[in-house]
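K.L.:
Encoded as structure tokens, here's the structure I'll be asking about.
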Amino acid sequence: MKRKLLLSIWVLAMLFPLNWLRRQSLLLRRFFDAAFSAEWVHVLMHMLLYAVLVMLLVRTFHLPHSIRTALILIGTILLIGIVQEAFQLIVKSRPWNCWDSFDLLVDLVGGAIGYGLSQFINSRRCNT
């Protein structure tokens with residue numbers, strides 16, 4: 001139950017349009033601009049969000065490491081990534097562009113890293 005709650009909170013936090021929150025306060029705007037203005041930070045944050053998401057999915061649902069699981073996770077990453085980008089586009093009032101596609105690619109890379117880490121952690125548990 002705790003894992004499902006944590007997973008739900010993680011997904012909701014991922015989908016929350018932070019740019020909207022940034023617009024609500026000068027203090028928050030200054031913080032977000034200082035913390036996230038560099039593109040490498042933006043990329044790292046996307047990778048981290050999706051790596052943790054995949055690790056939580058694997059742990060919560062005890063997913064076996066298989067091609068089927070990988071395909072399910074890819075579909076889940078794409079679904080959540082597209083919804084996340086759509087919310088951001090609504091807040092920004094602009095159409096989809098190549099940078100949004102780049103974000104999805106980064107999300108997939110982050111998910112692959114999370115899948116690899118979860119497999120590594122699982123193998124270490126089995127060997128001890």
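K.L.:
Scan (1) under 30 Å from Cys126 (Cα atoms); (2) surrounded by fewer than 17 Cβ atoms within 10 Å (Cβ to Cβ); (3) modelled with pLDDT of 95 or more for the single condition Lys2 breaks and write down its number.
P.N.:
(3)
Conditions (1) at pLDDT 90 or above; (2) touching a Leu at 6+ places or on another chain (Cβ under 8 Å); (3) aliphatic (A, V, I, L, M), marked per residue:
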residue	(1), (2), (3)
Ile82	yes, yes, yes
Ala86	yes, no, yes
Val91	no, no, yes
Trp99	yes, no, no
Phe102	yes, no, no
Gly111	yes, yes, no
Leu117	yes, no, yes
Ser123	no, no, no
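K.L.:
Which one of Trp20, Trp40 is among the aromatic types (Phe, Trp, Tyr), loosely packed, with under 15 Cβ neighbours inside 10 Å, in contact (Cβ under 8 Å) with a residue 40 or more places away in the chain and not in a loop (DSSP other than H, G, I, E, B)? Walk me through it before giving the result.
P.N.:
Numbers: Trp40 fails: in contact (Cβ under 8 Å) with a residue 40 or more places away in the chain.
Checking each option against the conditions leaves just Trp20.
Residue by residue, here is whether (1) out of contact with any His (no Cβ under 6 Å at 6 or more places or on another chain); (2) under 23 Å from Lys2 (Cβ atoms); (3) buried (at least 17 other Cβ atoms within 10 Å of the Cβ) holds:
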{"position": "Thr76", "(1), (2), (3)": "yes, yes, no"}
{"position": "Gly111", "(1), (2), (3)": "yes, yes, yes"}
{"position": "Gly116", "(1), (2), (3)": "yes, no, no"}
{"position": "Gln119", "(1), (2), (3)": "no, yes, no"}
{"position": "Asn122", "(1), (2), (3)": "yes, yes, no"}
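K.L.:
Let me ask another. Evaluate segment 58-70: report whether one residue or more is touching a Ser or Thr at 6+ places or on another chain (Cβ under 6 Å) and either modelled with pLDDT of 90 or more or surrounded by 14 or more Cβ atoms within 10 Å (Cβ to Cβ) (or both). Explain how you work it out, then say what you get.
P.N.:
Filtering segment 58-70 down to residues touching a Ser or Thr at 6+ places or on another chain (Cβ under 6 Å) leaves 58, 63.
After this cut, where a residue has to be either modelled with pLDDT of 90 or more or surrounded by 14 or more Cβ atoms within 10 Å (Cβ to Cβ) (or both) as well, the list is 58, 63.
Looking through segment 58-70, at least one residue is touching a Ser or Thr at 6+ places or on another chain (Cβ under 6 Å) and either modelled with pLDDT of 90 or more or surrounded by 14 or more Cβ atoms within 10 Å (Cβ to Cβ) (or both).
K.L.:
Kindly check whether there is at least one residue in segment 83-104 that is more than 30 Å from Arg23 (Cα to Cα) and surrounded by 12 or more Cβ atoms within 10 Å (Cβ to Cβ).
P.N.:
Let us first name the residues in segment 83-104 that are more than 30 Å from Arg23 (Cα to Cα), namely none.
Among the residues of segment 83-104, not one is more than 30 Å from Arg23 (Cα to Cα) and surrounded by 12 or more Cβ atoms within 10 Å (Cβ to Cβ), which makes the answer no.
K.L.:
If you scan segment 43-90, which residues turn out to be in a helix (DSSP H, G or I), of a type outside the set (A, V, I, L, M, F, W, C) and without any contact (Cβ under 8 Å) to a residue 60 or more places away in the chain? Walk me through how you get there before you give the answer.
P.N.:
Taking segment 43-90 first, the residues in a helix (DSSP H, G or I) are 43-61, 67-90.
In the following step, the residues that additionally are of a type outside the set (A, V, I, L, M, F, W, C) were identified as 46, 50, 59-60, 68-69, 75-76, 81, 84-85, 88.
Correct list: Arg59, Thr60, Arg68, Thr69, Gly75, Thr76, Gly81, Glu85.
K.L.:
Look at Phe31 and say whether it is over 18 Å from the mean Cα position of the chain (by Cα) and either surrounded by 12 or more Cβ atoms within 10 Å (Cβ to Cβ) or free of Cβ contacts under 8 Å to residues at least 12 places away in the same chain (or both).
P.N.:
yes
K.L.:
Only one of (1) exposed (fewer than 14 other Cβ atoms within 10 Å of the Cβ); (2) under 16 Å from the mean Cα position of the chain (by Cα); (3) among the aliphatic types (A, V, I, L, M); (4) under 17 Å from Val52 (Cβ atoms) fails for Ile80. Which number is that?
P.N.:
Tallying (1) exposed (fewer than 14 other Cβ atoms within 10 Å of the Cβ); (2) under 16 Å from the mean Cα position of the chain (by Cα); (3) among the aliphatic types (A, V, I, L, M); (4) under 17 Å from Val52 (Cβ atoms), Ile80 fails exactly one: (1).
The values are calculated or read from the model by the stated rules, or taken from the named source; none is laboratory data. Keep in mind the model is a prediction, meaning the values are calculated, not measured. Cβ atoms come from the backbone with ideal geometry, glycine included; neighbour counts cover every protein chain shown.
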